[in-house]
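Each remark here refers to the structure printed beneath this line.
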Amino acid sequence: MKPEEVKRMEEEEDEEFVGLNVDTNLLEVVQILFKTEPEVEVFYDGFLERIQSDKKLRKTPDDRKRMNSAFLDELLKYHDLDTINDAINGVSRDDELVSGQDEKDVDRILRKTFKNKVEFRMFMTYISQFMMENKDTPVEAAAKSMKLLGKSDHETLQITNVIDKIF
């Protein structure tokens, strides 16, 4: 999925350009992070512009460390460091909060855990209170709320897992 300009420059014998001397795992990350061909082209265009404007990058064929650094700097213009690391390490992130089956599971867990609407409202009130007063995270606040409501450890774990997926 490399743009034609990159392919052409790699094939040229021009001493001004030495090719993309970048680790292959970094090149593969581009395919993971950028979903469409235009996004990939924009990324590579920016990277090529950087190479062409930096003589050290252009003329030093064996400086892979500097090339990798420039490549990562270009990636950081589009994605945060955690996202790039996840892509390099093969960790997938779900962009959707809940899918169809997950939504049914969450609904089932909520109905099973909370016996009526009043109990669920109390749970939500406690969460809000803990988050505002104690600066707790949503998961911590949910765990404390479940304990106040006298729920079992199994129920608490299920609810905190759901909240952890959302937040």
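Taken together, the values in this text are just the output of simple stated rules run on the coordinates, not laboratory data. Remember, it's a predicted structure, so these values are computed and weren't measured experimentally. Backbone-built Cβ (ideal geometry, glycine too); neighbour counts: all protein chains shown.
Observations on the structure shown:
- Under 29 Å from the Cα of residue 117 - lysines, other chains or at least 8 residues apart: 104, 135, 144, 147, 151, 165
- Cβ-derived FRET efficiency at R0 35 Å, residue 135 paired with residue 37, nearest 0.05: 0.20
- Gain upon complete extension [residue 27, residue 157; 0.36 nm per residue less C-alpha separation]: 42.8 nm
- Volume per residue of the C-alpha convex hull in the range 41-92, rounded to whole Å³: 87 Å³
- Our coupling estimate for the range 116-121, obtained by passing each phi through the Karplus curve with A = 6.51, B = -1.76, C = 1.60 and θ = phi - 60°, is 8, 5, 5, 5, 5, 5 Hz, Gly and Pro reported as x.
- Karplus-derived 3J(HN,Hα), 6.51/-1.76/1.60, for each residue of the range 78-86, Hz, glycine and proline x: 10, 9, 7, 4, 4, 5, 5, 4, 4
- With both labels modelled 7 Å from their Cα along Cα-to-Cβ, the residue 65 to residue 89 distance reads 2.4 nm.
- For the pair residue 111 and residue 50, the difference between a 0.36 nm per residue extended length and the Cα-Cα distance amounts to 16.4 nm.
- Rounded to whole numbers, the Karplus 3J(HN,Hα) couplings from phi for the range 142-154 are 5, 4, 5, 5, 5, 5, 4, 7, x, 7, 6, 4, 5 Hz, using 6.51 cos²θ - 1.76 cosθ + 1.60 with θ = phi - 60°, and x at Gly and Pro.
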